[in-house]
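See structure below.
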Amino acid sequence: MRIEPTGATCGAIVHGVDLSAALDPELVAEIRAAWLKHRVLAFTRQSMDDDALERFTVAMGGFGDDPFFEPIAGREHIAAILREADEKSPLFAENWHSDWSFLDVPPAGTCLLAIDIPPTGGDTYFADQIAAFAALPESRKEELRTYTAIHSAQLAYAPDGAYGEQDEGRSMAIRPDESARETRDHPLITRHPETGEEAIFSTLGYIIGIESMSQTDSFTMLSELAQWQTSDEFVYRHRWEPDMLVLWDNRSVLHRASGGYEGHRRELHRTTIAASSG
Ligand code: SIN
């Protein structure tokens with residue numbers, strides 16, 4: 001296995017490993033260590049099917065919950081991130097986020113397996129939240145550590161949310177639900193359970209307010225912070241290739257999808273890795 005760092009603060013390209021074969025414990029430990037270090041790993045030249053994707057997900061920590069997605073036929077834990085060539089609905093996941101941060105126990109990671117990659121565009125961007133926190137002045141770190149963020153999926157997955165009842169013509173199997181209005185508190189600055197590093201956890205969109213702060217002040221603070229969280233110096237832009245598997249750590253990076261592939265189909269199979277204590 002050869003690991004080639006991307007040159008950004010996060011991300012590495014992994015060559016010379018076959019994830020379609022049986023995964024021996026030593027290899028799994030090596031991949032996990034690289035994942036924690038680089039936060040985003042892109043494995044090239046894979047010939048994985050859905051069975052291999054499931055095996056890999058289980059080896060990395062097991063399946064996490066995927067609320068609001070209907071899985072693909074015949075699989076309980078694989079969702080399709082899909083956009084047909086002629087689709088006109090707004091892009092899925094174009095805003096920065098950490099997957100399912102509004103759950104009681106948000107997932108550790110996410111896997112995306114390339115199924116149908118357009119010839120151009122469709123890059124996934126990652127923003128390193130450990131680096132973003134580390135680069136702040138000490139006084140700002142101290143202040144941010146005092147905040148508790150209120151998370152909710154309501155803006156996206158409630159019936160009146162972005163993927164709700166008015167969202168027409170989408171090929172992805174998204175299932176909006178009233179449960180998206182529930183809220184959960186998480187510290188704004190979290191300590192990574194496996195590395196001990198501090199990170200800014202999640203961002204506007206899934207964070208709808210700060211405890212004991214007015215809505216206006218919360219929004220102003222979170223908007224300014226979001227600019228910092230996603231500054232170019234913390235961002236790795238991932239360009240997809242066919243036969244690629246990407247694995248990221250939701251506890252230390254934000255991510256977002258991007259367009260630029262109008263007239264082409266794009267499909268990736270996604271699994272969620274449950275949180276664990278390592
Ligand atoms: C996602 O947020 O799961 C999708 C990312 C992408 O489509 O690039």
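The values are calculated or read from the model by the stated rules, or taken from the named source; none is laboratory data. All figures in this text were calculated on a predicted structure; none of them were measured in a lab. Cβ atoms come from the backbone with ideal geometry, glycine included; neighbour counts cover every protein chain shown.
Of all residues in segment 229-248, which are outside any strand (DSSP E or B), among the hydrophobic types (A, V, I, L, M, F, W, C) and more than 17 Å from ILE130 (Cα to Cα)?
TRP240, MET244
Specify the residue that is farthest from THR110 (Cα to Cα); the eligible residues are those in segment 261-275 that are among the aliphatic types (A, V, I, L, M) and not in a loop (DSSP other than H, G, I, E, B).
Of everything passing the filter in segment 261-275, LEU268 is farthest from THR110 (Cα to Cα).
Taking the criterion of being over 19 Å from the mean Cα position of the chain (by Cα), in a strand (DSSP E or B) and at negative phi, would at least one residue in segment 210-217 satisfy it?
yes
Would you please name the residue that is modelled with the highest pLDDT, looking only at residues in segment 21-43 that are part of a loop (DSSP other than H, G, I, E, B) and surrounded by 16 or more Cβ atoms within 10 Å (Cβ to Cβ)?
ARG39
Under 6 Å by Cβ, and 6 or more places apart or on different chains, what pairs join a residue from segment 238-259 that is within 12 Å of HIS38 (Cβ to Cβ) with one that is away from the ligand (no atom under 12 Å from the Cβ) and among the charged types (D, E, K, R)?
Qualifying pairs under 6 Å: ASP249/ARG39; SER252/ARG39; VAL253/ARG39; VAL253/ASP128.
Would you mind stating whether ARG251 is within 16 Å of the ligand (Cβ to nearest atom), modelled with pLDDT of 95 or more and part of a strand (DSSP E or B)?
Here the answer is no, as ARG251 does not meet what is asked.
So, in segment 151-173, exactly how many residues are surrounded by fewer than 17 Cβ atoms within 10 Å (Cβ to Cβ) and of a type outside the set (Asp, Glu)?
6
Which residues, taken from segment 65-85, are over 14 Å from THR272 (Cα atoms) and of a type in the set (Lys, Arg)?
Listed by number, the list holds a single entry, ARG83.
Among the strands (runs of 3 or more DSSP E) lying completely within segment 96-200, list those that include at least 2 residues that are at pLDDT 95 or above and over 15 Å from the mean Cα position of the chain (by Cα).
It comes to 109-116, 148-152, 183-187, 189-191.
Table: residues versus (1) farther than 26 Å from GLU262 by Cβ; (2) within 16 Å of the ligand (Cβ to nearest atom); (3) loosely packed, with under 14 Cβ neighbours inside 10 Å.
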site	(1), (2), (3)
LEU91	no, yes, no
PRO106	yes, yes, no
ASP123	no, yes, no
GLU142	yes, no, yes
